[in-house]
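The block underneath contains the structure these notes are about, expressed in structure tokens.
The values are calculated or read from the model by the stated rules, or taken from the named source; none is laboratory data. Bear in mind the structure is a predicted one, so any value in this text is a computation, not a measurement. Because the Cβ atoms are built from the backbone with ideal geometry, glycine has one as well, and the counts that use them run over all protein chains shown. The accessibility values were calculated without ligands, DNA or RNA, using every heavy atom of the protein model including side chains. Shrake-Rupley method; radii C 1.70, N 1.55, O 1.52, S 1.80 Å.
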Amino acid sequence: MIVAFEKISTNGIDFEATSGDMSFVGIAKKSQKNLVHCFGKLKGTITHTCDRCANEFTLEVDEDVELFASDGVYEEDEDLLDVMEFFDGFVNFDTILQSELGIVISDYHYCPTCKQNS
């Protein structure tokens, strides 16, 4: 789902992005002229390789996500760490889903057998 920054108000809009069995659903609200605050839930299942035994297993994902989307380079408040910059005037929630999923996948995950044996 792609939405123009100018279409997002302070009242917010609902969004949904999906990829395979994964979904990213939530609300996006304008917080500054070029900044949108996104609150959502990343949920679904993916096939993942166990970081201990290397066997594949189904990883269930259920993560709260909160981040900001910036229309262009964001330099105003260095305290904000979770800012995704977009340079075409649109917020791409599919890109956010893929980015957040990459963060989840990069963490260590053990299959049920290895979890039980630790």
### Query
Considering the stretch 101-113 alone, what residues qualify as being crowded, with 16+ Cβ neighbours inside 10 Å and under 13 Å from C53 (Cα atoms)?
H109, Y110, C111
### Message
Looking for something without any contact (Cβ under 8 Å) to a residue 60 or more places away in the chain, within 21 Å of M1 (Cα to Cα) and crowded, with 16+ Cβ neighbours inside 10 Å - is there at least one such residue anywhere in the stretch 52-62?
### Response
yes
### Task
Output the number of residues of the stretch 14-45 satisfying the condition of being open to solvent by 40 Å² or more (accessible area, probe 1.4 Å) and without any contact (Cβ under 8 Å) to a residue 40 or more places away in the chain.
13
### Subset of the stretch 87-118 [in contact (Cβ under 8 Å) with a residue 60 or more places away in the chain and within 20 Å of F39 (Cβ to Cβ)]
F90, V91, N92, F93, D94, I96, L97, Q98, E100, L101, V104
### Task
Just one of (1) without any contact (Cβ under 8 Å) to a residue 24 or more places away in the chain; (2) in contact with a Leu (Cβ under 6 Å, 6 or more places away or on another chain); (3) open to solvent by less than 80 Å² (accessible area, probe 1.4 Å) trips up H48, so point out which.
(1)
### Task
Search the stretch 67-94 for residues being hydrophobic (A, V, I, L, M, F, W, C), open to solvent by 60 Å² or more (accessible area, probe 1.4 Å) and over 16 Å from V3 (Cβ atoms), and hand back the single one that is modelled with the highest pLDDT.
V73
